Amino acid sequence: MSNLAVIRMPKRFDYSSSAEFNNAMAAALEHPGTITLDCIELEYIDSAGIGLLVMSQKKAQSRQSKIVLTNLKSSPKEILQLANLQKIIDFN
């Protein structure tokens, strides 16, 4: 049975939120499946946040899981597109 985990993203996703995010991601990766990052509150992401997403995607792939970002606002979505993250992580 596939796991369906949801992680609510913080308003600001940067180095200061890395410990909490990594803990939530580690728990979600315990069972293979889809990990949804709910970005309804996300307004800001920096290079550290992008790095965390890339690292998490690599971990997810190695565990036959995938990461999906939902409810992206236009500003963080533009930043993620500039970083070409749509090539490795699904988002809408």
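A few comments on the model shown:
- Net charge in the neighbourhood of residue 7 (other residues with Cβ under 10 Å of its Cβ; Lys, Arg +1, Asp, Glu -1) is -1.
- Between 66, 77, 11, the GNM of the chain built on Cα springs shorter than 10 angstrom shows 11 fluctuating the most.
- Mean separation of Cα contacts under 8 Å, 6 or more apart, over the residue count of the chain: relative contact order %: 31
- Convex hull volume per residue, computed on the Cα atoms of the chain, equals 79 Å³.
- Lysines with Cα under 16 Å of residue 58, excluding same-chain neighbours fewer than 8 positions away: 66, 87
- Straight-distance crosslink candidates among aspartates and glutamates, where the alpha carbon sits under 14 Å from residue 59 and sequence neighbours closer than 8 are dropped: 30
- For the chain, the solvent-accessible area with a 1.4 angstrom probe is 59 square angstrom per residue.
- Solvent-accessible area of residue 43, all protein chains in place: 90 Å² (probe radius 1.4 Å, heavy atoms, ligands and nucleic acids excluded).
The values are calculated or read from the model by the stated rules, or taken from the named source; none is laboratory data. Being a predicted model, the structure only gives us computed values, none of them experimental. Virtual Cβ from ideal backbone geometry, glycine too; neighbours counted across all protein chains shown. The accessibility values were calculated without ligands, DNA or RNA, using every heavy atom of the protein model including side chains. Shrake-Rupley method; radii C 1.70, N 1.55, O 1.52, S 1.80 Å.
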